[in-house]
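The values are calculated or read from the model by the stated rules, or taken from the named source; none is laboratory data. Nothing here was measured: the structure is a model prediction, and the numbers come from that model. We place every Cβ from the backbone using ideal geometry, glycine too, and count neighbours over all the protein chains shown.
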Amino acid sequence: MKVVVSGAAGFVGYHLAVALADMPDVELFCVDSHIRGEDDEAYHRLQVRANVRAFNMDLNDRAALDQLPADPDYIFHLAALNGTQNFYERPFDVVRCCTLPTIFLLDRYRDCKSLKRFVYASSSEAYASTVSRFNWPVPTDESVPLGIDDVTNVRWSYGGSKMHGEIAVVAAAQQFKLPFSIIRYHNVYGPRMGDKHVMPDFLMRARKGEFVLYGHKDTRTFLYIEDAVRATIDVSRLDSCKDEIVNIGGGREIEMGELGKIMMDLGGFEGQIDLQPSPKGSVSRRAPDLAKFKRLTGFEERWTLEDGLKQTMAFYLA
């Protein structure tokens, strides 16, 4: 099988690519521009595998996509400029890198007869305003209406782009009979996730003896990367998930303050956590309703939060 992974040097993309490369029947095509994805030793080891071809490619350049295979079996489109700090500091880059590649990939493969599934990585950010503005029930299911509560808040550079991507995928599917699955990820974490998320941000400061936590009363669920990769591959292969939108996330909702205490205990840190307010526009509570996902896939988590944190912390504190 020919499999294309965009954003293969990123966090979820890299771990997904490694899992796919381990499959003996897969010819893997890894795509990344390294605008955010790490060009590190781990990615280099992936690139030299016999069944892997890597492309240092800017997916904002439509012509560049012609270098990719014309007849893939699966496309996993994870390329995006993520990271909360980027939403505020580089919002136009976020929009450009989340929007144009989706349009161009769909256009490139609109008539591809070999394609079994176009898997689009969306995000729970897409329905943040519906929860915060209209008190939509939490845990939140996939039927939630999508909306933008403040177009002047640049945090929406990411969530708005992901909404646009979902619309583009569904439109291509309707017009060109393109098989798809849309995944709304909820706070996937683990080693090599970058430094612009709550866990690595806290840990990198903790290494210097600074214990700072933002939005300590906010709640989130977390899913360890190995579970997230397994879930993603399941969604791509199962007929039950064809032309469906599914939440992928953890089932344990936790306050950020409690998360900080767990990291302090696991890391053997001593000190007082400096509790800071949430960034503007951050939703106070977020958790996925996983009923549809489990019904379609039978998926169950294998990693507890504590076990996943041990692996994550070992990576960032090394």
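Can you tell me which residue in segment 245-280 is nearest to the chain's Cα centre (by Cα), limited to those that are in a helix (DSSP H, G or I), at pLDDT 95 or above and of a type in the set (A, V, I, L, M)?
If we take residues in segment 245-280 being in a helix (DSSP H, G or I), at pLDDT 95 or above and of a type in the set (A, V, I, L, M), then 259 is nearest to the chain's Cα centre (by Cα).
Tally the residues that are hydrophobic (A, V, I, L, M, F, W, C), under 12 Å from residue 125 (Cα atoms) and assigned to a helix (DSSP H, G or I), restricting the search to segment 135-167.
2
Exactly one condition in (1) among the charged types (D, E, K, R); (2) in contact with a strand residue (DSSP E or B) (Cβ under 9 Å, 6 or more places away or on another chain); (3) under 23 Å from residue 182 (Cβ atoms) is false for residue 294; which is it?
Residue 294 satisfies every listed condition except (2).
From the list 66, 71, 107, which one is in a loop (DSSP other than H, G, I, E, B), over 19 Å from residue 192 (Cα atoms), at pLDDT 95 or above and not aliphatic (A, V, I, L, M)?
Only one candidate passes the filter, namely 71.
For the structure I just gave you, tell me whether residue 100 is outside any strand (DSSP E or B) and surrounded by fewer than 22 Cβ atoms within 10 Å (Cβ to Cβ).
Against the criterion (outside any strand (DSSP E or B) and surrounded by fewer than 22 Cβ atoms within 10 Å (Cβ to Cβ)), residue 100 qualifies.
Mind counting the residues in segment 198-217 that are surrounded by fewer than 19 Cβ atoms within 10 Å (Cβ to Cβ), touching a residue at least 60 places away in the same chain (Cβ under 8 Å) and assigned to a loop (DSSP other than H, G, I, E, B)?
Counting residues in segment 198-217 that are surrounded by fewer than 19 Cβ atoms within 10 Å (Cβ to Cβ), touching a residue at least 60 places away in the same chain (Cβ under 8 Å) and assigned to a loop (DSSP other than H, G, I, E, B) gives 5.
Can you tell me which residue among 5, 31 is buried (at least 16 other Cβ atoms within 10 Å of the Cβ) and touching a Cys at 6+ places or on another chain (Cβ under 6 Å)?
Only one candidate qualifies: 5.
List the number of the failed condition for residue 256; all other conditions in (1) in contact (Cβ under 8 Å) with a residue 60 or more places away in the chain; (2) in contact with a strand residue (DSSP E or B) (Cβ under 9 Å, 6 or more places away or on another chain); (3) surrounded by 16 or more Cβ atoms within 10 Å (Cβ to Cβ) hold.
(1)
Which of the residues belonging to segment 298-310 are assigned to a helix (DSSP H, G or I) and over 19 Å from the mean Cα position of the chain (by Cα)?
Across segment 298-310, the qualifying residues are 306, 307, 310.
So which of 226, 210 ends up being charged (D, E, K, R) and within 15 Å of the chain's Cα centre (by Cα)?
Going through 226, 210 in turn, the sole match is 226.
May I ask you to list the residues in segment 38-63 that are assigned to a loop (DSSP other than H, G, I, E, B) and not β-branched (Val, Ile, Thr)?
Once the filter is applied, which keeps residues that are assigned to a loop (DSSP other than H, G, I, E, B) and not β-branched (Val, Ile, Thr), segment 38-63 yields 38, 39, 40, 49, 50, 51, 57, 58, 59, 60, 61.
Looking at 89, 41, which one is modelled with pLDDT under 95, charged (D, E, K, R) and farther than 28 Å from residue 152 by Cβ?
Result: 41 is the single residue among 89, 41 that is modelled with pLDDT under 95, charged (D, E, K, R) and farther than 28 Å from residue 152 by Cβ.
Could you check residue 115 against (1) of a type in the set (A, V, I, L, M, F, W, C); (2) at pLDDT below 95; (3) more than 20 Å from the chain's Cα centre (by Cα); (4) surrounded by 17 or more Cβ atoms within 10 Å (Cβ to Cβ) and say which number it fails?
(2)
Given 181, 236, which one is among the hydroxyl-bearing types (Ser, Thr, Tyr) and part of a helix (DSSP H, G or I)?
Checking each option against the conditions leaves just 236.
Among the numbered conditions (1) part of a loop (DSSP other than H, G, I, E, B); (2) in contact with a His (Cβ under 7 Å, 6 or more places away or on another chain), tell me where residue 283 comes up short.
(2)
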